[in-house]
Each structure stands twice: as C-alpha cells, then as structure tokens.
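Take a look at the structure below.
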Amino acid sequence: VVAAPDCSLNEREYNLAVEAIRGKAFSQEKMDMARMATKGKCMTNTQIAGIAQLFNYEEQALEFVKESYELSSEKSTYY
C-alpha cells in the first residue's frame with residue numbers, strides 16, 4: 001500500500017511562498033504568485049490568513065481567502 005503524498009505546505013515552503021508574493025510589486029502579480037505557490041497544497045487557516053494579509057487590497061485578500069477554502073486542512077474552523 002502506497003501512502004498518499006502529503007499535501008501540507010510545510011514551514012519552509014510557506015516562508016518561500018510569502019517571500020515570493022512579497023517580492024511582487026503589483027497586486028495582480030501577488031495574486032498570481034499566491035495561486036501558483038499554493039496550488040495543490042493543503043494549508044492551515046493561519047497560513048491562509050498570513051498570505052491574505054500580503055495583499056494591498058481587501059477585495060483581493062477576500063478573494064484569496066474564498067478560493068483557499070478548498071485548500072484548508074481545518075475546514076471546521078474556517079470562518
């Protein structure tokens with residue numbers, strides 16, 4: 001029996017993603033980088049909130065949080 005691969009975004013990957021997102025000058029570039037860095041990953045609610053705080057506009061932060069619900073490993077406390 002082969003175990004399913006771990007989809008968790010570990011601390012190192014999270015920190016790399018945060019730095020990559022921070023490095024983008026424009027909000028759409030930040031969103032594109034956030035989507036690319038988190039694609040197929042499972043994240044804690046704290047990680048999702050941390051990335052959402054990197055956006056310059058509340059609308060984009062909300063968009064990212066809504067999109068990231070499916071990636072949350074803690075759906076029961078996603079509010």
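Going by the conditions given, is Ala61 of a type in the set (Gly, Ala, Ser) and either modelled with pLDDT under 95 or touching a helix residue (DSSP H, G or I) at 6+ places or on another chain (Cβ under 7 Å) (or both)?
So Ala61 passes the test.
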Subset tally (residues that are farther than 21 Å from Gln28 by Cα and either hydroxyl-bearing (Ser, Thr, Tyr) or in contact (Cβ under 8 Å) with a residue 40 or more places away in the chain (or both)) for the stretch 39-79:
8
For the list (1) of a type outside the set (A, V, I, L, M, F, W, C); (2) in a helix (DSSP H, G or I); (3) modelled with pLDDT of 95 or more, I need the number of the one condition that Glu70 fails.
(3)
Going through the stretch 46-64 in order, the residues found to be open to solvent by 30 Å² or more (accessible area, probe 1.4 Å) and either under 16 Å from Glu13 (Cα atoms) or within 8 Å of the chain's Cα centre (by Cα) (or both) are Thr46, Ala49
In contact (Cβ under 8 Å) with a residue 12 or more places away in the chain and open to solvent by 60 Å² or more (accessible area, probe 1.4 Å), is that true of Glu19?
no
Could you list, in sequence order, all residues of the stretch 23-45 that are closer than 15 Å to Glu11 by Cα, surrounded by fewer than 17 Cβ atoms within 10 Å (Cβ to Cβ) and among the hydrophobic types (A, V, I, L, M, F, W, C)?
Cys42
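The values are calculated or read from the model by the stated rules, or taken from the named source; none is laboratory data. The model shown is predicted, which means the values in this text are computed figures rather than measured ones. Glycine also receives a Cβ, built like all others from the backbone with ideal geometry; neighbour counts cover every protein chain displayed. Surface areas here come from the heavy atoms of the whole protein model, side chains and all, with no ligands, DNA or RNA. Shrake-Rupley method; radii C 1.70, N 1.55, O 1.52, S 1.80 Å.
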